[in-house]
Amino acid sequence: MQSKAKTIEEYLLELPEKHAEQIRRVRNIVLENLPPGYEEVMNWGMITYQVPLSFYPDTYNKQPLMYAALASQKNHMAVYLSGIYMSKDRRKDFEAAYRETGKRFDAGKSCVRFRKLDDLPLDLIGRTIAALPMEAFVARVKGVRSGKP
């Protein structure tokens with residue numbers, strides 16, 4: 001269920017009210033914790049937090065690097081956290097911290113899915129977003145691409 005909305009407000013308006021309110025709350029956490037430099041846009045049919053091409057244009061697909069994203073699907077919502085999926089250790093640490101909260105952990109290959117806001121440890125999401133400044137994220141991407149993560 002990919003949106004064709006051009007703006008974040010259009011995207012939120014097309015969601016069922018229950019999902020829209022929850023996505024707004026998670027969005028506020030992301031914005032409160034987002035390190036400087038990342039931009040918030042609609043990209044890939046989701047609310048996306050990305051590295052501007054003006055900062056790092058050398059991507060494999062000529063698209064900005066996605067740091068994080070928020071999406072609403074028919075049966076769940078999702079937070080995409082590229083920064084933790086670039087390293088097995090970071091992913092394991094995140095998963096362990098998530099499970100310690102006692103909340104239901106439902107993760108895909110690059111996202112954490114949730115059906116209701118109570119399933120999502122917002123403080124952990126905030127800390128995870130805050131943990132990787134844009135320059136460090138780009139350096140990790142370059143390291144992964146070169147085989148030296």
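The values are calculated or read from the model by the stated rules, or taken from the named source; none is laboratory data. The structure displayed is predicted, hence computed values, not measured ones. FYI the Cβ positions are ideal-geometry reconstructions off the backbone, even for glycines, and counts take in every protein chain you see.
Tabulated values for the structure
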item: Test result for Val144, over 26 Å from Leu13 (Cα atoms) and among the β-branched types (Val, Ile, Thr); result: yes
item: Residue match in the range 80-101 (condition: without any contact (Cβ under 8 Å) to a residue 12 or more places away in the chain, out of contact with any helix residue (DSSP H, G or I) (no Cβ under 6 Å at 6 or more places or on another chain) and closer than 18 Å to Asn33 by Cβ); result: yes
item: Subset of the range 67-116 that is touching a Ser or Thr at 6+ places or on another chain (Cβ under 8 Å), of a type in the set (Ser, Thr, Tyr) and in a strand (DSSP E or B) - its residue that is surrounded by the fewest Cβ atoms within 10 Å (Cβ to Cβ); result: Tyr80
item: Members of the range 44-58 that are in contact with a helix residue (DSSP H, G or I) (Cβ under 9 Å, 6 or more places away or on another chain), in contact (Cβ under 8 Å) with a residue 24 or more places away in the chain and assigned to a loop (DSSP other than H, G, I, E, B); result: Gly45, Phe55, Tyr56
item: Tyr11 part of a helix (DSSP H, G or I), buried (at least 17 other Cβ atoms within 10 Å of the Cβ) and either out of contact with any Lys or Arg (no Cβ under 6 Å at 6 or more places or on another chain) or at pLDDT below 95 (or both); result: yes
item: Gln73 without any contact (Cβ under 8 Å) to a residue 60 or more places away in the chain and more than 15 Å from Arg127 (Cα to Cα); result: no
item: Leading residue by the ranking (surrounded by the fewest Cβ atoms within 10 Å (Cβ to Cβ)) among those in the range 32-43 that are out of contact with any Phe, Trp or Tyr (no Cβ under 9 Å at 6 or more places or on another chain) and not in a strand (DSSP E or B); result: Pro36
item: Single condition Asn28 does not satisfy, out of (1) loosely packed, with under 12 Cβ neighbours inside 10 Å; (2) in a helix (DSSP H, G or I); result: (1)
item: Top-ranked residue of the range 110-120 - restricted to ones that are of a type outside the set (Phe, Trp, Tyr) and in contact (Cβ under 8 Å) with a residue 24 or more places away in the chain, ranked as farthest from Arg25 (Cα to Cα); result: Ser110
